[in-house]
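Working notes, beginning with the structure itself.
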């Protein structure tokens, strides 16, 4: 199972995708968890209403979303368990897209166009994995070697 999670295609195209997605979600995660850059911080964010009514208790789902953005952003940026990080970010983005942004139309500032772009990157990383310059590739290449 672990081998499948770290499996990756031998390509460099994932590097700029991982860097962009990782930076975006680490920044958002820092806002939501620690309140940096005028963010709400975890206590305030966890008190927000969740995007769907079935998400109860709200603090659990909102806290999980904030931590998922921060931790998954770091996983994707480094290429460690890239597919796991991309999957968690896909879940967060689908919730944001359908639960928050869809009612605002397509275009920014509150529409779904940015969500769709980020979803495209997460899907690409789900398919390809971390690529050549990732911790996943280093682990996969070192498995079976005797030190």
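Which of the residues that make up region 65-94 are over 28 Å from residue 141 (Cα atoms) and either surrounded by fewer than 18 Cβ atoms within 10 Å (Cβ to Cβ) or at pLDDT below 95 (or both)? The answer is 67, 91, 94. Exactly one residue among 130, 99, 111, 120 is under 20 Å from the mean Cα position of the chain (by Cα) and farther than 30 Å from residue 49 by Cα, and that residue is 130.
State all residues of region 1-40 that are in a helix (DSSP H, G or I) and over 18 Å from the mean Cα position of the chain (by Cα); if no residue qualifies, say none.
2, 3, 4 - these are the residues of region 1-40 that are in a helix (DSSP H, G or I) and over 18 Å from the mean Cα position of the chain (by Cα).
The values are calculated or read from the model by the stated rules, or taken from the named source; none is laboratory data. These figures come from a predicted structure and were not determined experimentally. All Cβ positions, even for glycine, are placed from backbone atoms using ideal geometry, and neighbour counts span all protein chains on display.
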